[in-house]
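The values are calculated or read from the model by the stated rules, or taken from the named source; none is laboratory data. Because the structure is predicted, anything quoted here is derived from the model rather than measured. Methodologically, a virtual Cβ is constructed for each residue, glycine included, from the backbone with ideal geometry; neighbour enumeration extends over all protein chains shown. For accessibility, only protein heavy atoms count, side chains too; no ligands or nucleic acids. Shrake-Rupley method; radii C 1.70, N 1.55, O 1.52, S 1.80 Å.
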Amino acid sequence: MKHRIKLIVAATLLACSTAFAAPGAHGPNGEHLDAPGAAVNASGLARLPDGSVNVPKLAQRRMAIRTVLAPESEAAATVELPGRVIVDPNASGRVQAVHGGRIEPGPRGLPVAGQAVRRGDVLAYVRHHAEPYALGAQQAQLAELKAQRQIAEQRVQRLEGLEGTVPRKEIEAARTEAASLAERERSIGASLAAREALLAPVSGVIARADLAVGQVVEPRDVLFEVVDPARMLVEATTADATLATRVAGASIQEAPEARLRLLGASRSLRDGVLPMTFAVAPAKPGDALPLAIGQPVTVVAQSKERIKGVVLPAQAVVRNPSNEPIVWIKSGAERFIPQPVQFRPLDANTVVVTQGLGADNRVVVQGAPLIAQIR
């Protein structure tokens, strides 16, 4: 009977137990986290009235929560620049028709967007058509040349039959005239049925193809665009004319694995800003870049200046319901509190927190978005 009463008392105490912050735990501003108001229900995930979150150990393992101490260090100052992806003029090209005409398919048909081509491949043909008046004039000229050629050939035959009685120079002159008329006839005849071969200017993939068989195109229309997917440029804009001299490195938020190299900055304003051009290289040579021509991107340029702060992964910073940037601090074995911070991006994967963290804070660096979703 006594043993049974002990079990009931132990179960009652276990059901009524509460979780508290670790003794002496405090936030970055010196506030105590083990106050009586910090008591929570340790039975599961819960958002507490003070904004903190209770996450049991088992749930932390399922959510892959990782925390690190946040020591202060120095990092390069950064600035975010709006930009867009543009083609590399040395690794791209446009295919245009010099004269208008009707489109005919190439040896392998008309290429489509995304198809790989090699330099010199025939993409299509343009069959030229002259105006009716010009066509009639060419046909009349061709008929006249044909008649002149026949007369010249007959004269050559007559002179060759009189060889020995007529000067040799007259026979040679007649042969030359007949050959010249024959060549002119062939040239005029070929022009009546001429077609222009559209060749790939560089090796790469088709970025633009707006053609159909039988389509009539005008001179200088852009028919194809060929780009090398491994060679692109990023054009960023800034109002600071001295920024180019202070850039030590750069990255793209949309493609963290890509590497940027500053090629130069313009000294002429365009729409009130200065363009800066970066060369983009994939992580592995020869791989296609995960970018598209014309895609807007955010360039994170690293300056040669140094700033003090806490360097953290970018995923450690999340937003609270008020859209303020926060990080989650582990204040106890199963308790996490949100801490508003001020930060600056270092690159596409890293940020530096300049205000809001203390040297002894244990910050969540993996799984912070999951904690923020707990209600």
Looking at segment 243-252 only, could you name the residues that are open to solvent by 70 Å² or more (accessible area, probe 1.4 Å) and either outside any helix (DSSP H, G or I) or of a type in the set (Gly, Ala, Ser) (or both)? ALA248
Looking only at segment 352-375, which residues are open to solvent by 30 Å² or more (accessible area, probe 1.4 Å) and among the polar types (S, T, N, Q)? THR354, GLN355, GLN366, GLN373
Has segment 232-243 got at least one residue that is closer than 15 Å to PHE278 by Cα, free of Cβ contacts under 8 Å to residues at least 60 places away in the same chain and not assigned by the TED database to the domain that holds HIS128? no
Might you check whether a residue that is free of Cβ contacts under 8 Å to residues at least 60 places away in the same chain, open to solvent by 50 Å² or more (accessible area, probe 1.4 Å) and farther than 19 Å from ARG102 by Cβ occurs anywhere in segment 187-195? yes
Can you give me the ranges of the strands (runs of 3 or more DSSP E) entirely in segment 267-350 with at least 1 residues that are at pLDDT 85 or above, open to solvent by 10 Å² or more (accessible area, probe 1.4 Å) and within 24 Å of THR237 (Cβ to Cβ)? 274-281, 296-313, 342-345
Could you list, in sequence order, the residues of segment 244-260 that are touching a Leu at 6+ places or on another chain (Cβ under 8 Å), of a type in the set (Gly, Ala, Ser) and touching a residue at least 40 places away in the same chain (Cβ under 8 Å)? GLY249, ALA250, SER251, ALA255
Name the single residue that is most open to solvent (accessible area, probe 1.4 Å) among those in segment 67-120 being within 30 Å of VAL352 (Cβ to Cβ) and more than 32 Å from the chain's Cα centre (by Cα). GLU72
Evaluate the following for GLN150: is it crowded, with 16+ Cβ neighbours inside 10 Å, at pLDDT 85 or above and not in a strand (DSSP E or B)? no
Neighbours by Cβ (under 8 Å, 6+ apart or cross-chain): first from segment 140-152, of a type in the set (Phe, Trp, Tyr); second open to solvent by less than 60 Å² (accessible area, probe 1.4 Å) and part of a helix (DSSP H, G or I): none
Is it the case, given these coordinates, that GLY109 is outside any helix (DSSP H, G or I) and closer than 30 Å to GLN253 by Cα? no
Hey, could you check segment 132-147 for residues that are modelled with pLDDT of 80 or more and within 60 Å of the chain's Cα centre (by Cα) and say which is farthest from SER180 (Cα to Cα)? GLU144
Kindly establish whether GLY214 is assigned by the TED database to the domain that holds ALA116 and at positive phi. yes
Condition met for ARG208 (modelled with pLDDT of 80 or more, outside the structural domain of PRO290 (by the TED database), in a strand (DSSP E or B) and open to solvent by 30 Å² or more (accessible area, probe 1.4 Å)): yes
Suppose the filter is part of a helix (DSSP H, G or I) and open to solvent by 40 Å² or more (accessible area, probe 1.4 Å); does GLU183 pass it? yes
